[in-house]
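Okay, so here's the structure we're looking at.
The values are calculated or read from the model by the stated rules, or taken from the named source; none is laboratory data. Keep in mind that this is a model prediction, so the values were computed, not measured. We place every Cβ from the backbone using ideal geometry, glycine too, and count neighbours over all the protein chains shown.
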Amino acid sequence: MSKQLLIVRHAKSDWNDASLSDFNRPLNNRGLKDAPIIGDNLLKNSYYPDLVISSPALRALSTCKIVCKQLGIDQSKIETNSNMYEASYQQLLKIINGIDNDFDKVAIFGHNNGVTDLTVYLTDADIFNIPTSGSVLISFPFDDWKMVSKGTGKIVFYEYPKNLTED
């Protein structure tokens, strides 16, 4: 069976409270409105991940929890990985290459620039910037996460709220 990787950039976060560290920034109103759009799109595409991994940063984990709730995934099933916070694409790739092959559909929730750089690296796509709440589903023609590498993936969909709503 092939492997599928869903890469999600966290929803829009709040910069208004200067006392909060970057790690502890919450979602703002737009982020709270946009995050469910990710879940709606996954439901529409019948994408239910076997494994969900999130950065532990508040904005990424909050986005992840909103999406998982929509998909009926218990929050106790969400794995956090501290290496995903401010991760480069190389660090994200190392995490992906270490995923157990029992999992065929994996979702990761992280941050730019890592998520955009990883998408471009894996697919050779011409994507300059994945916006907040953007999601990319990538399919790989093999059944071993260790084989995920440069140019081996094909984009199934690339979506973001402005592309999915008619506001």
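Residues in region 45-94 that are in a loop (DSSP other than H, G, I, E, B), over 16 Å from L118 (Cβ atoms) and touching a residue at least 40 places away in the same chain (Cβ under 8 Å): N45, Y47, Y48, P49, D50, A57. Within region 124-146, being surrounded by 13 or more Cβ atoms within 10 Å (Cβ to Cβ) and outside any loop (DSSP other than H, G, I, E, B) holds for S135, V136, L137, I138, S139, F140, W145.
Scan region 16-44 for residues that are charged (D, E, K, R), outside any helix (DSSP H, G or I) and free of Cβ contacts under 8 Å to residues at least 24 places away in the same chain and jot them down. Quick ask: steps written out before the conclusion?
First pass over region 16-44, keeping only residues charged (D, E, K, R): 17, 22, 25, 30, 33-34, 40, 44.
When the remaining residues are screened for being outside any helix (DSSP H, G or I), the result is 17, 25.
Matches in region 16-44: D17 only.
Checking every residue in region 21-39 against the condition of being crowded, with 19+ Cβ neighbours inside 10 Å and of a type in the set (S, T, Y) gives zero matches.
I need the full set of residues from region 99-128 which are hydrophobic (A, V, I, L, M, F, W, C), farther than 21 Å from S46 by Cα and touching a helix residue (DSSP H, G or I) at 6+ places or on another chain (Cβ under 7 Å), in order please. First the steps, then the outcome.
Step one: list which residues in region 99-128 are hydrophobic (A, V, I, L, M, F, W, C), which gives 99, 103, 106-109, 115, 118, 120, 122, 125, 127-128.
Now narrow it down to the ones that are farther than 21 Å from S46 by Cα: 99, 115, 118, 120, 122, 125, 127-128.
Hits for region 99-128 are I99, L118, A125, I127.
Yes or no, residue by residue, for (1) more than 14 Å from the chain's Cα centre (by Cα); (2) among the aliphatic types (A, V, I, L, M); (3) over 21 Å from N24 (Cα atoms):
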| residue | (1), (2), (3) |
| --- | --- |
| I66 | no, yes, no |
| G72 | yes, no, yes |
| Q75 | yes, no, no |
| E86 | no, no, no |
| K94 | yes, no, yes |
| D117 | no, no, yes |
| V136 | no, yes, yes |
| P141 | yes, no, yes |
| W145 | yes, no, yes |
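Across region 1-47, the qualifying residues are those that are among the hydroxyl-bearing types (S, T, Y) and out of contact with any Lys or Arg (no Cβ under 8 Å at 6 or more places or on another chain), and the one among them that is modelled with the lowest pLDDT is S19. Taken over region 70-89, residues that are polar (S, T, N, Q) and surrounded by 12 or more Cβ atoms within 10 Å (Cβ to Cβ) amount to 5. Would region 149-161 turn up any residue that is surrounded by 15 or more Cβ atoms within 10 Å (Cβ to Cβ), closer than 18 Å to G39 by Cα and among the acidic types (D, E)? Within region 149-161, one or more residues are surrounded by 15 or more Cβ atoms within 10 Å (Cβ to Cβ), closer than 18 Å to G39 by Cα and among the acidic types (D, E).
The single condition among (1) at pLDDT below 95; (2) over 12 Å from the mean Cα position of the chain (by Cα); (3) not aliphatic (A, V, I, L, M) that P56 does not satisfy is (1).
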